[in-house]
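The values are calculated or read from the model by the stated rules, or taken from the named source; none is laboratory data. Here the structure is a predicted model, which means the values were calculated and not measured. Every residue, glycine among them, receives a Cβ derived from its backbone with ideal geometry; neighbour counts consider all protein chains shown. These accessible areas exclude ligands, DNA and RNA; they are computed on the full protein's heavy atoms, side chains included. Shrake-Rupley method; radii C 1.70, N 1.55, O 1.52, S 1.80 Å.
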Amino acid sequence: MDHGSSTPPASLMALRQSIGATFSLLRQAQFDDARRSSDELLAANPGHAEVLYLASEVRLAQGDAAAALAVITSAIKAAPGQLPLLLKKARIHLALRRRADARQTAEEACELAGHDGHALWAVARVFGQCNDLARASLLYQRALDAGCSDPSLLYDLAVGQFFAGDFAAAERNIDQMLTVTPMAGHAVYRRSTLRRQTLENNHVAELQAKLPAVTANAVSHSACLYALAKELEDLGRFEESFAALTEAVAIKRKSLDYDAAGEREAIDAIRSAYDQTAMDAARVGHSDAGAIFVVGMPRTGSTLVERMLGCHSEVASAGELLDFGQALAARTQALALELPGIPMAEVSRRIDFAALGADYMTGARQAASPARMVIDKMPINFMYCGLIKKALPNARIIHVHREPMDTCYAIYQTLFNQAYPFSCDLQELAAYYATYQRLMRHWHAVMPGQILDVSYEALLSDTEAQARRMLDFCGLDWQEAVLDPSASDALATTASAAQVRQPIHTRSVQKWRRYEIQLAPLKAALVAAGVLTD
């Protein structure tokens, strides 16, 4: 990197040693010491790009993305034309949920990347995080054509093709990747989900042969077993499938540092903090009426709802955004510094909800195509329904629910990346489901009429009636196109990307009954929690 100053060579060596020592403090999570060191270096070297880059990293580590952006912008002025600085600026824009700015910076970086395959790959990842997977996929291909041979690039390209519905191309690229890295469990699992496996065309024998070689790596071992379970189920070998799945989730659960009880307590704390008194308290939110939140447990049909609504000419989908929870957490944590000793859920009641709503809508609209209304299909937003209505009183919230046993089995059999750790144990899954159900009953009680419940089973059996309910609730006129979401060529960036491109069907209804004996402990736990009656 051009450091943007005329520091003498000997002094430059000393300076870089100091920069390295400060980065070492960062890696050791000694953030206060790193901040002091970087501030001293910045005072002594105010126009030095490497020092400015370091200062931005320190501010990011402290959670101050706005300050990091100001510093990295100064670094770019000090040393223009530096690709690493532009990429860092784009990533900081993403941390601030300024996707339009991130895309603009990524375009500048693309010009600098030229024909450098690794550089093009790095820029493509920024576009992917901006929800612009079409642009990202083009750059992934350019990176390949430029000679970048990293197997992970093939995987990134395949994921983009999977979300775009080009499953055959995705499978070809994953197959090519696996010739180089045959033990890459995440790729093995993704390949199994690309299509329904058949007796004539499956990977069962290959997976079974691979298992002894991956046992030393828990991540790969678990992923291969998830893949085997999925393919065996496709072939109707249900007992073998569940046996493989049981082993897969046990291995994954052992690898997780997850406090199941702590997460449930945090959800219950939200319920307690946002009681009727709190919900009735006057708060002026942001007036934008363009948000549609689709919430609920994962694997309940929320992607189908998103696709149907997204077929309306006045609606665009932003996908599964982490934005609301992130923006809420940032404001709550900042206020908590002024209110020590008060539980975080209680602190959140005092934030500026109008500012939260405005901040959220800016990012959400930048994540979607221009439209009057924007869908956020992050299921976990069920936790924040009351807070969403405070921040965005005119937002629509659609809660998609499904028969509990089908829901829990669908979650249990899915290998989620970094999400939903409660999915890896039947007892924890049942307890989490009961916690979710209690919270949804609470939201209905404290703000009646503000959430539309949509049954997955009803959506499949009487699609038009449910579609009309949803459009009515959202203030949208009737459009026939919503009845055929499989015809849409829009990206689907969820685990359901393959299923939602098929015509609407009922094959998944009561699917859990194939495993009624194996899932008996789950059913008993749901009965004990009051979710089901025996």
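For (1) touching a residue at least 24 places away in the same chain (Cβ under 8 Å); (2) on the phi > 0 side of the Ramachandran plot; (3) open to solvent by 40 Å² or more (accessible area, probe 1.4 Å), each residue gets a yes or a no:
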{"position": "GLN28", "(1), (2), (3)": "no, no, yes"}
{"position": "LEU69", "(1), (2), (3)": "yes, no, no"}
{"position": "PRO84", "(1), (2), (3)": "yes, no, yes"}
{"position": "ALA109", "(1), (2), (3)": "yes, no, no"}
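A residue that is open to solvent by 10 Å² or more (accessible area, probe 1.4 Å) and among the hydrophobic types (A, V, I, L, M, F, W, C) occurs nowhere in the range 393-404.
Kindly indicate whether ILE375 is in a strand (DSSP E or B) and within 18 Å of the chain's Cα centre (by Cα).
Numbers: in a strand (DSSP E or B): yes; within 18 Å of the chain's Cα centre (by Cα): yes.
Judged against the criteria, ILE375 is a match.
Does ILE292 fit the bill of being of a type outside the set (Phe, Trp, Tyr), touching a residue at least 12 places away in the same chain (Cβ under 8 Å) and part of a helix (DSSP H, G or I)? Let's see the steps before the verdict.
On the way: of a type outside the set (Phe, Trp, Tyr): yes; touching a residue at least 12 places away in the same chain (Cβ under 8 Å): yes; part of a helix (DSSP H, G or I): no.
When the stated conditions are applied, ILE292 does not pass them.
Quick check, is LEU321 outside any helix (DSSP H, G or I) and farther than 19 Å from ASP275 by Cβ? Judged against the criteria, LEU321 is a match. Answer with yes or no whether ALA354 is surrounded by 18 or more Cβ atoms within 10 Å (Cβ to Cβ) and among the small types (Gly, Ala, Ser). No, not satisfied.
Look at the range 307-336: where a residue is on the phi > 0 side of the Ramachandran plot and touching a residue at least 24 places away in the same chain (Cβ under 8 Å) and a partner is open to solvent by 10 Å² or more (accessible area, probe 1.4 Å) and not hydrophobic (A, V, I, L, M, F, W, C), sitting 6+ places away or on another chain with Cβ atoms under 8 Å, you get GLY319/ASN131; GLY319/THR493; GLY319/THR494. Of all residue pairs spaced 6 or more apart or on separate chains, those with beta-carbon atoms under 6 Å, a first member in the range 118-138 that is touching a residue at least 40 places away in the same chain (Cβ under 8 Å) and a second member that is of a type in the set (A, V, I, L, M) and open to solvent by less than 20 Å² (accessible area, probe 1.4 Å) are CYS130/ALA102; ASN131/ALA367.
Could you tell me whether ASP64 is of a type in the set (Asp, Glu), farther than 30 Å from VAL374 by Cα and either open to solvent by 40 Å² or more (accessible area, probe 1.4 Å) or over 22 Å from the mean Cα position of the chain (by Cα) (or both)?
Numbers: of a type in the set (Asp, Glu): yes; farther than 30 Å from VAL374 by Cα: no; either open to solvent by 40 Å² or more (accessible area, probe 1.4 Å) or over 22 Å from the mean Cα position of the chain (by Cα) (or both): yes.
Spelling it out, it is not the case that ASP64 is of a type in the set (Asp, Glu), farther than 30 Å from VAL374 by Cα and either open to solvent by 40 Å² or more (accessible area, probe 1.4 Å) or over 22 Å from the mean Cα position of the chain (by Cα) (or both).
Going by what's in this entry, would THR332 be described as of a type in the set (Val, Ile, Thr) and closer than 27 Å to ASP462 by Cβ? No, not satisfied.
Return the total of residues in the range 177-231 being open to solvent by 70 Å² or more (accessible area, probe 1.4 Å) and either over 20 Å from LEU153 (Cα atoms) or aliphatic (A, V, I, L, M) (or both). Give the derivation first.
Step one: filter the range 177-231 for residues open to solvent by 70 Å² or more (accessible area, probe 1.4 Å), giving 179-180, 183, 186, 196, 199-201, 205-206, 208-209, 212, 215-217, 219.
Checking which are either over 20 Å from LEU153 (Cα atoms) or aliphatic (A, V, I, L, M) (or both) leaves us with 180, 183, 196, 199-201, 205-206, 208-209, 212, 215-217, 219.
The total comes to 15.
Identification of helices (runs of 4 or more DSSP H) wholly contained in the range 1-119 with 2 or more residues that are farther than 30 Å from LEU321 by Cα yields 9-27, 31-44, 49-61, 65-78. Checking the range 414-433 against the condition returns a match, with at least one residue being over 29 Å from ASP234 (Cβ atoms) and surrounded by fewer than 23 Cβ atoms within 10 Å (Cβ to Cβ).
Okay, residues lined up against (1) open to solvent by 10 Å² or more (accessible area, probe 1.4 Å); (2) within 30 Å of GLY363 (Cα to Cα):
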site: TRP121; (1), (2): yes, yes
site: ALA136; (1), (2): no, yes
site: GLY160; (1), (2): no, yes
site: ARG172; (1), (2): yes, no
site: ASP175; (1), (2): yes, no
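Return yes when ALA79 is of a type in the set (Gly, Ala, Ser), touching an Asp or Glu at 6+ places or on another chain (Cβ under 6 Å), open to solvent by less than 20 Å² (accessible area, probe 1.4 Å) and modelled with pLDDT under 95 and no when it is not. Yes; evaluated as a whole, the condition is true for this residue. Any residue in the range 257-284 that's among the basic types (Lys, Arg): show its pairings with residues that are open to solvent by less than 80 Å² (accessible area, probe 1.4 Å) at Cβ separation under 6 Å, as long as the two are six or more apart or on different chains. Hits for this filter: ARG264/THR435; ARG271/LEU439; ARG271/HIS442; ARG283/PHE353; ARG283/LYS390. Do we have THR407 as hydroxyl-bearing (Ser, Thr, Tyr), within 17 Å of LYS511 (Cβ to Cβ), in a helix (DSSP H, G or I) and open to solvent by less than 10 Å² (accessible area, probe 1.4 Å) here? Yes: the conditions hold for THR407.
In the range 346-374, the residues that are closer than 17 Å to GLY325 by Cβ form Cβ pairs under 9 Å with partners that are among the polar types (S, T, N, Q) and in a loop (DSSP other than H, G, I, E, B), at six or more places apart or across chains, as follows: GLY357/SER287; ALA367/ASN131. When the range 518-534 is filtered for residues that are open to solvent by less than 60 Å² (accessible area, probe 1.4 Å) and among the β-branched types (Val, Ile, Thr), the ones remaining, listed by number, are VAL527, VAL531.
From the set of residues in the range 37-54 that are farther than 20 Å from THR105 by Cα and either at pLDDT 95 or above or among the small types (Gly, Ala, Ser) (or both), which is least open to solvent (accessible area, probe 1.4 Å)?
Taking the range 37-54 as the starting set, the residues that turn out to be farther than 20 Å from THR105 by Cα are 37-48, 51.
Remaining after also requiring either at pLDDT 95 or above or among the small types (Gly, Ala, Ser) (or both): 37-38, 43-44, 47.
On the way: SER37: 30, SER38: 0, ALA43: 84, ALA44: 75, GLY47: 35 Å².
The residue in question is SER38.
Each row is one residue, and each column tells you yes or no for (1) over 30 Å from ALA487 (Cα atoms); (2) aliphatic (A, V, I, L, M); (3) more than 20 Å from the chain's Cα centre (by Cα); (4) open to solvent by less than 10 Å² (accessible area, probe 1.4 Å).
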position	(1), (2), (3), (4)
GLU233	no, no, yes, no
PHE242	yes, no, yes, no
LEU245	yes, yes, yes, yes
ASP257	yes, no, no, no
ALA278	yes, yes, yes, yes
SER287	yes, no, yes, no
VAL305	no, yes, no, yes
